[in-house]
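Just so you know, all these numbers are worked out from the coordinates, no wet-lab data involved. Since the model is a prediction, treat every value here as computed from it, not as a measurement. Methodologically, a virtual Cβ is constructed for each residue, glycine included, from the backbone with ideal geometry; neighbour enumeration extends over all protein chains shown.
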Amino acid sequence: MVAAGDVASWRHPGFGRLRVEHRLNATEQGTAAARTLLGGQAPFAPVPYCWTDQYDVKIQVHGVTGGDARFQVVAGDPATGRFAGLYGRDGHVIGAMTCNLPRQARALRRHVAKRTPWRQATTG
């Protein structure tokens, strides 16, 4: 069975069962579904991503957040409305969130993609 779109869930090799309700994910799933239907075998394993612009606030999220994940601010200050933080579980980075720091979002995405050890990502 092959499915795609913001209501489709799948088993991500790094993050377990996911459903990402964002248009970028739906587009990437459509491409992956077509490859699968044409005989491809690669698992669908993007770094989950979403963003929102709310007036003068830009929030970007990579990976997974919430639940029992640990959160630590690694740049900026929440009181100013400009900050970045990492989410971790089982000793590794699993997510990143930025508020009005778009350049920082791209840099922190690498920690999510590599599943950088928590200590290395939050102390360096």
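Based on C-alpha pairs under 8 angstrom that are at least 6 apart in sequence, the chain has a relative contact order of 18 percent.
Considering all projection directions equally, how large on average is the shadow of the alpha-carbon convex hull of the chain, in square nanometres? Averaging across all directions leaves 8.3 nm² for the Cα convex hull.
For ASP68, what charge total do you get from the other residues with a beta carbon under 13 Å from its beta carbon, if Lys and Arg give +1 and Asp and Glu give -1? Walk me through the numbers before you get to the answer.
Values: positive: ARG70, ARG89; negative: ASP90.
Counting the neighbours of ASP68, the net charge comes to +1.
For the chain, a simple Cβ point-charge model (Lys and Arg +1, Asp and Glu -1, everything else neutral) yields a dipole of about 400 debye relative to the Cα centre. The stretch between LEU38 and SER9 holds 8.4 nm of extra length on full extension. This uses 0.36 nm per residue minus the Cα-Cα distance. Taking Cα atoms, how many degrees apart are the long axis of helix 23-37 and the longest axis of the chain, rounded to 10 and kept between 0 and 90? Between helix and principal axis, roughly 30 degrees. Compute the angle between helix 102-114 and the longest alpha-carbon principal axis of the chain, please, reported from 0 to 90 degrees and rounded to the nearest 10. Long axis of 102-114 versus the principal axis of the chain: about 60 degrees.
Between GLU21 and ARG82, take the C-beta separation as r, use R0 = 41 Å, and let me know the FRET efficiency to the nearest 0.05.
On the way: r = 26 Å, r/R0 = 0.64.
After rounding to 0.05, the efficiency reads 0.95.
Placing unit charges on the Cβ atoms only, positive for Lys and Arg and negative for Asp and Glu, gives segment 1-46 a dipole magnitude near 100 debye about its Cα centre. In order along segment 4-16, the Karplus-derived 3J(HN,Hα) couplings, from 6.51 cos²θ - 1.76 cosθ + 1.60 at θ = phi - 60°, round to 8, x, 6, 9, 7, 10, 7, 8, 7, x, x, 10, x Hz, and Gly and Pro are given as x.
Between ASP68 and TYR55, what length comes free when the chain is fully extended (0.36 nm per residue of separation minus the Cα-Cα distance, one decimal in nm)?
Working: separation 13, 0.36 × 13 = 4.68 nm, distance 3.00 nm.
Difference between extended and current length: 1.7 nm.
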